[in-house]
Amino acid sequence: MAELRSRLGARLRPQCRPGASPGSAEGTRREGLLLRVLILTGATTWFAYAMLRDHDRSGPHAGLHGADLALTAGVLCGVICFAVAVVMRRRAPAYAWILYMAGAATGAALYAAAPERPGSALIFACVGFAGSTGSLWRSVPVAAVGSIGMTVGILAQGRPAGELWTIVGMLGMFTGIRANHTREAARLTEQQNLILAERSRIAREIHDILAHSLSAQLVHLEGARLLMVGGRTEEALARVERARGLARSGLEETRRALATLRGDIPPMDVVLRELTDEHRLLADAVCELKVEGEPRDLDARAGLAVIRTTQEALTNVRKHAPGAAVTVALRYTDGWCELEVTDEGGEPGPLAGSGGGYGLVGMRERAELIGGTLEAGPVEEGFRVLLRVPL
């Protein structure tokens, strides 16, 4: 069991992307920190430039009194709004959106009042970053505020109509950023769905491995207990030895299952023959295998469904109808592979009430995931399981 936990534990650790290294998450955090540092550095440099740009041309007090002081304060407020929004965009997106709106509005006011000030750059920055994070209903208003503000500024200042193309360019940039953000979000969602699907698949494998191996051991141990009660010590010891052998074969089955998870599946008739031989040994009953049609290769998921369904069906026979004759039929038809496991019925065994009843549910789910079907129910004097999977 320790080996099972260690091997399956390694497979259960999700990776964000194929080939991701253990340090990829740490690298992503470092990249995010570096981006924030660069943005804050650029914003500080931008503010210093905006505040001191006129210093050499207009004397030592340029930008520090009157209207220039108000404009400089506006630039400072806009830069602070933008920088803080960038820092908070992951942890508090709602507050970041408010700050992006404030930054875009400040940039629009600066653009209308003083075209030489970097108001347009502030608008572009707020619109671009708002488009790259957050939902559509939050990013569109930021783009609308920026576009309307620039339009009003161009018309109010009587600038050439050609400058309106700047707004078109900004909206094009915003649309491209939003499209990229949507694609990235869809990719991450798909990765999470793949991780969940893989976890569900491994959970089914764990159930099938344990149900097949442990239930067989329980059959022999229960038989050994009954023999001990009757004083038949030697026969009980033989049952215990057989259960011990099943424990070893269970470990081997685990190794085979891990190989199957990687797609290494032997020919189906070989696997089913091993399973029917094992059932004859465990149940001391007739178990016949029939193969009809020309054998063809199955993909990993279809082959795994056939193997696990056979194991589960034979395990159920040993539980609910021990000693009953069983027929396992594998048929290859046009576009389909069919597995039919039929028993002749019998009295329920001592383990008929064990298990949680998830075996048939798991088999049906496995079949439906690959476009197949599974039918299970009583027929005449026995029970039948019919699986159909696409070739």
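The values are calculated or read from the model by the stated rules, or taken from the named source; none is laboratory data. Small disclaimer: the values here were computed from a predicted structure and weren't measured. Backbone-built Cβ (ideal geometry, glycine too); neighbour counts: all protein chains shown.
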Notebook entry, point to check: Could you say whether any residue in the stretch 51-70 is touching a Lys or Arg at 6+ places or on another chain (Cβ under 6 Å) and either hydrophobic (A, V, I, L, M, F, W, C) or at pLDDT 60 or above (or both)?
Noted result: no
Notebook entry, point to check: Which residues, counting only those in the stretch 161-174, are closer than 19 Å to PHE124 by Cβ and either surrounded by 13 or more Cβ atoms within 10 Å (Cβ to Cβ) or modelled with pLDDT under 70 (or both)?
Noted result: GLY162, GLU163, LEU164, TRP165, THR166, ILE167, MET170, LEU171, MET173, PHE174
Margin query: Being touching an Asp or Glu at 6+ places or on another chain (Cβ under 7 Å) and either on the phi > 0 side of the Ramachandran plot or surrounded by 15 or more Cβ atoms within 10 Å (Cβ to Cβ) (or both) narrows it down to one residue among ILE195, ILE177, ILE154; which is it?
Written below: ILE154
Check: Restricting to the stretch 277-296, what's the tally of residues that are over 28 Å from GLN217 (Cβ atoms) and out of contact with any helix residue (DSSP H, G or I) (no Cβ under 8 Å at 6 or more places or on another chain)?
Finding: 5
Check: Does the stretch 104-138 hold any residues that are surrounded by fewer than 24 Cβ atoms within 10 Å (Cβ to Cβ), assigned to a helix (DSSP H, G or I) and modelled with pLDDT under 80, and which are they?
Finding: ALA112, ALA113, SER120, ALA121, PHE124, GLY128, PHE129, SER132, LEU136, TRP137, ARG138
Margin query: Of the conditions (1) over 30 Å from VAL306 (Cα atoms); (2) at pLDDT 80 or above; (3) not hydrophobic (A, V, I, L, M, F, W, C), GLN192 satisfies every one except a single condition; which number is it?
Written below: (1)
